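For reference, the structure discussed in these notes is given below.
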Amino acid sequence: MPIRKVGVIGAGVMGLGLTQVLAEHGIEVILVDKEEAIIERARQHLIHLLDKEIEKWGLTESEKKVILSKIRFTLDKQLLRDADFVFETVDEILEVKKSIFNEIDHICRPNVIFATNTSTLSITEIAAATNRPERFIGLNFTHPVVKRQLVQIIRGLKTSDDTYEIAKHFVVEIGKKGIQVYEAPGYVTVRLMMPLLNEAMNLVVEGVASAEDIDLAMKDGFDFPYGPLEMADRMGLDAVLRVTDGLYREYGDVKYRPALILRKMVRAGHIGEKVGEGFFKYNDAGERIE
Amino acid sequence: MNIFVLNCGSSSLKYQLFNMKDEAVIASGKVERIGMDNAILSHEPTGRDEAKVVTTILDHTTAIEKVFDILVDAKHGVLTNINEIDAVGHRVVHGGEFFADSVLVDKQVKAAIKGVYDLAPLHNPANLVGIEAVEAVLPEVPNIAVFDTAFHQTMPQKAFMYPIPKILYKRHKVRKYGFHGTSHRYVSVKAAQFLNKPIEELKIISCHIGNGASIAAIDKGKSVDTSMGMTPLEGLMMGTRSGDLDPAIIPFVMGKENLTLNEVTSMLNKHSGLFGVSGYSDMRDIEDNMDNDSRAKLAFDMYEYRIRKYIGAFIAVMDGIDAIIFTAGVGENSDTLRKALADHLTYLGIEIDDKVNRTRSKEVRRISTSDSKVEVLIVPTNEELMIARDTLRIVQSNK
């Protein structure tokens, strides 16, 4: 069955990015979050992103209208009964994800595939909260979703071949490239990136180089689009801490132990781009100002 | 013989049904918003009221089924049985180097259409979907593919090659293909008939000026050069497309404005041309505003100037000129543009009759005076009829 209407749960950075990609590919999206303020902020932010794309000639006004017309911003999970496929992109908290999937398991049609965007939690464990573990899969997109092509496709213990094939095909249909990954905390990208970001923070604390220069080193030396500290700012230091902590807990290896400065900055509320301050400062449009 | 002509886009399709005995259009119509719950089928049986149906049409096969249903509908229909359709002609945008003529569709033809998806990523997949949808609904009926690029396959190598490393031609088939071929062919044949001369004796420049625009140099009935290139972006300034520019501008602007490939491609295709210069993409708006809006005036002048440069170049290409044809939306309807061009081509001995130039009509007509050294004609294009004629010809020759 063709996938024409997709549910996205969670209107955060990943959920909104995914929503934009889907709508740009002509797919109708039901974007659900639990708070009116969050969903409205997501809508405004998407309009802002599309306007910026128009300024860069990447879109026309009429294309913007078409994209926005494809998206239903809502608090009502019941609307997911019409979805042909559902993505979940809420916080990396096992119980929250399990309860959401358990709830929508009763709303969505039984043949609909559920995909979680988790990067550290067990697909098998989340799937067990539903009556459809064979139609449950992990699709881990890469931030920023609009620009990065990579999707890690993770099979849980009971994910069927059919579900895997449909998901893989769908990933290609929305212009992304999938790689197959077996279930292990952090998969490939998070497992490689988090220790890198974490080590960059240790370099700052040790005074080996300035934050500015650490980022320049990786940008100019290895063609990174952002340096590791700006990347961490853009992901949100709170999310980086949660994920790194998750890896540390799962593997018990000190190489994943979060840098002290990371914890400190999260406690101080300097969690990066979304609040305007992390290792660097940002304006309302998310551009670096120093 | 009844021939159904289909032009399939990614989310829409247009059709015409011809009775080839007298080439009469029995019905025409379109389906818009394919893939949606509220797709619109507009169907017009010739001489009767238009019927509009809003319904769920999720794919092209369903769209074709709905069109076939309405063709035999008790109230709006024009046929008693769908088997009265004897053949289907399909517009296919890109035929690559495989097709210099229209062709009966078989497995190999479909593979070839697929083989050039890269060169027409928006059009060819939709065109093939249309063919397969008709095959599913009418398995016994022959399908004929008519390519936009086929007419230009007669261009000599010196005209179609780009002066870049030749390996790119070998590896990726980077070369000039040209577009609007069905239209250029139709109007040039029609012009020769009108002038009552064998086309083999004529040097013709055909100006297909619509929202997209291209010019073809047609020597002895064969396309020897055309303004569009590997893609429809090259050549004339268009409604929202840039046409020719210095290729070094692209990396320069990408660097200065920090643009991605997608953004710069979209800029050149959708934010440039008349629209980029003036904010208006439609020639009618340009003409309405050019007396008091200097940007509109500049856009018009640039547009006219760039057409004129191509006319001059193609006269040099053919070493002469007998007739200039104007066709398509702007070409058929903008007397202001035609007049501006003619006023600047006096060295050719061109003279047009202002009154005739201003007269609107759906007929082929001459706008040059009897003293003019070059014939200037308006020939309304009819790509659908050309597709129907090709379909008839191929079906008969395959019998």
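The values are calculated or read from the model by the stated rules, or taken from the named source; none is laboratory data. What you see is a predicted model, and the numbers here were worked out from it, not measured in a lab. Cβ atoms come from the backbone with ideal geometry, glycine included; neighbour counts cover every protein chain shown. Only protein heavy atoms, including side chains, enter the accessible area calculation; ligands, DNA and RNA are left aside. Shrake-Rupley method; radii C 1.70, N 1.55, O 1.52, S 1.80 Å.
With a Förster radius of 25 Å applied to the C-beta separation of A:GLU125 and A:ARG81, the computed FRET efficiency comes to 0.45. Calculated on the alpha-carbon coordinates, the convex hull of chain B measures out at 166 cubic angstrom per residue. The calculated pair-distance distribution of segment B:264-365 uses every alpha carbon pair, bins of 5 angstrom beginning at 0, and gives 2, 11, 19, 21, 19, 15, 9, 3, 0 percent. For a straight C-alpha distance cut-off of 19 angstrom, the aspartates and glutamates reachable from B:LYS355 (same-chain residues fewer than eight places away being disregarded) are B:GLU287, B:GLU332, B:ASP335, B:ASP343, B:GLU363, B:ASP371, B:GLU375.
The mean number of partner chain beta-carbon atoms within 10 angstrom of a residue's beta-carbon across peptide A:57-64 is 5. Ranked from largest to smallest solvent-accessible area, with a 1.4 Å probe on the protein heavy atoms, A:PHE101, B:PHE151 come out as B:PHE151, A:PHE101.
Protection proxy ranking of A:236-248, B:92-104, by the mean of other Cβ atoms within 10 Å over each peptide's residues and highest first, is A:236-248, B:92-104. Using Cβ point charges alone (K and R +1, D and E -1), the dipole size of chain A about the Cα centre works out to roughly 580 debye. The lysines whose alpha-carbon is closer than 16 Å to the alpha-carbon of B:LYS220, local same-chain residues fewer than 8 away aside, are B:LYS190, B:LYS197, B:LYS203. Computing FRET efficiency as 1/(1 + (r/R0)^6) for A:ILE179 and B:ALA74, where r is the C-beta to C-beta distance and R0 is 56 Å, gives about 0.50. What the pair-distance distribution of segment B:261-323 shows, using all Cα-Cα distances binned every 10 Å from zero, is 21, 34, 28, 16, 1 percent. Candidate cross-link partners of A:LYS52 among the lysines, defined by an alpha-carbon separation under 18 Å and a same-chain spacing of 8 or more, comprise A:LYS64, A:LYS65, A:LYS147, A:LYS274, B:LYS256, B:LYS270. For segment B:354-394, the orientation-averaged shadow of the C-alpha convex hull comes to 4.0 nm² (one quarter of the hull surface).
Take every Cα-Cα pair in segment B:91-211 and report what % of them are more than 24 Å apart. The answer is 38 percent, as a whole percent.
Stokes-Einstein diffusion of segment B:2-147 at 10 °C, 1.306 mPa s viscosity, Kirkwood radius from Cα pairs, rounded to a whole number: 103 µm²/s.
Mean partner shielding of peptide A:46-55, defined as the number of other chain Cβ atoms within 10 Å of each residue Cβ, is 1.
Remark: spin-label model distance A:ASP253-B:ASN38 equals 5.5 nm, labels positioned 7 Å along the Cα→Cβ axis.
Taking all protein chains together, B:ARG33, A:ARG263 sort by accessible area into B:ARG33, A:ARG263, largest first [probe 1.4 Å]. Counting every C-alpha pair in segment B:112-181, the share spaced more than 13 angstrom apart comes to 72%. When the Cα gyration tensor is reduced to axis lengths a ≥ b ≥ c, the ratio a/c is 1.5 or higher for chain A, and with a/b not above b/c it is classed as oblate. Taking a span of 24 Å or more along the helix axis (Cα atoms) and a mean Kyte-Doolittle hydropathy of at least -0.5 as the rule, the DSSP H helices of chain A that qualify are A:36-55, A:189-206.
Just so you know, the Rg over Rh for the protein assembly as shown is 1.03, from Cα atoms, with Rh as the Kirkwood radius.
Taking amide hydrogens as placed 1.01 Å from N in the peptide plane, the amide H of B:MET228 sits under 5 Å from those of B:PHE179, B:ILE215, each at least 5 positions away in sequence or on another chain. Here the scattering of segment B:198-383 is modelled by Debye summation over its C-alpha atoms, one equal scatterer each and no solvent; at q = 0.11, 0.19 Å⁻¹ the log10 of I(q)/I(0) is -0.50, -1.32. Ordered by solvent-accessible area of protein heavy atoms (1.4 Å probe), largest first, the residues B:HIS90, A:HIS169 come out as A:HIS169, B:HIS90. For segment A:1-151, the calculated P(r) over all alpha carbon pairs, in 10 Å bins from 0 to the bin holding the longest distance, is 11, 43, 35, 10, 1 percent. Using 0.36 nm per residue and subtracting the Cα-Cα separation, the extra length available between A:ARG148 and A:ASN202 on full extension is 16.7 nm.
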